[in-house]
Amino acid sequence: LTRIQDQAGFELAVCWFWVRKLQACVVAGDLAAAREAADQAEPLLWATAEFLELAEFHLHAAVARADAAADDSAALINVRRHLEQLAIWARNCPETFTCRALLVEAELRAVEGDVFGAQRLYEMSITAARTDGFANIEALAAERAAALIAGRGLTIVAEAYRAKARDAYERWGAR
């Protein structure tokens, strides 16, 4: 990858590599590595401005950065910036972007300590993702909701979210 990164004309390929690594790290739960991938992808986003990878970047970078936002004001600013972009797209194409914007808004509420508001938004994201056929987003939202609720000691409710996440990941093709 290093040799390719140094050559002009490969910016799109390199950007997509980092965006897909970001997505994989978020799904795997390695949010520190996801933040590193987001930092690598961000300067190359101009190369993918007309592709859905840009939306995937904003969603997954927001989730990764929200994990650090309680202690890092720059991360919090970035999460809000990602949400602003996703909200614009959601207004213009709700079927594709509403579930993503709701998920990022839930992450922001969780960082702010509004557990009930975050849970409500996770539920809305799960529902929108299922309605619009985005099993991967449904799974991620359910998994993030499970983590939030488990962190508050509500293990039975968290297990229900985990079961929903497993079901959605299987429908997506991830076992």
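Quick notes on this one:
- Among residues of region 119-166, those that are of a type in the set (K, R) and either in contact with an Asp or Glu (Cβ under 6 Å, 6 or more places away or on another chain) or open to solvent by less than 10 Å² (accessible area, probe 1.4 Å) (or both), counted: 1
- Top-ranked residue of region 7-35 - restricted to ones that are outside any helix (DSSP H, G or I) and closer than 21 Å to Y169 by Cα, ranked as least open to solvent (accessible area, probe 1.4 Å): G29
- Every condition in (1) hydrophobic (A, V, I, L, M, F, W, C); (2) in contact with a Lys or Arg (Cβ under 6 Å, 6 or more places away or on another chain); (3) more than 29 Å from A163 (Cβ to Cβ) holds for A37 except the one numbered (3).
- Selection within region 60-72 - open to solvent by 20 Å² or more (accessible area, probe 1.4 Å) and either more than 17 Å from A142 (Cα to Cα) or among the basic types (K, R) (or both): A68, A70, D71, D72
- For region 116-167, taking the residues that are outside any helix (DSSP H, G or I) and more than 13 Å from the chain's Cα centre (by Cα), the one that is nearest to A101 (Cα to Cα) is identified as G133.
- Some residue of region 82-100 being open to solvent by 30 Å² or more (accessible area, probe 1.4 Å) and outside any helix (DSSP H, G or I): yes
- All conditions in (1) in a helix (DSSP H, G or I); (2) open to solvent by 20 Å² or more (accessible area, probe 1.4 Å); (3) modelled with pLDDT under 95 hold for A75, with the sole exception of (2).
- Scanning region 36-59 for residues that are farther than 18 Å from L12 by Cβ and open to solvent by less than 60 Å² (accessible area, probe 1.4 Å) yields one hit, L59.
The values are calculated or read from the model by the stated rules, or taken from the named source; none is laboratory data. Keep in mind it's a predicted model, so treat the numbers as computed, not measured. Counting neighbours? That spans all protein chains shown, and the Cβs are built from the backbone with ideal geometry, glycine included. The accessibility values were calculated without ligands, DNA or RNA, using every heavy atom of the protein model including side chains. Shrake-Rupley method; radii C 1.70, N 1.55, O 1.52, S 1.80 Å.
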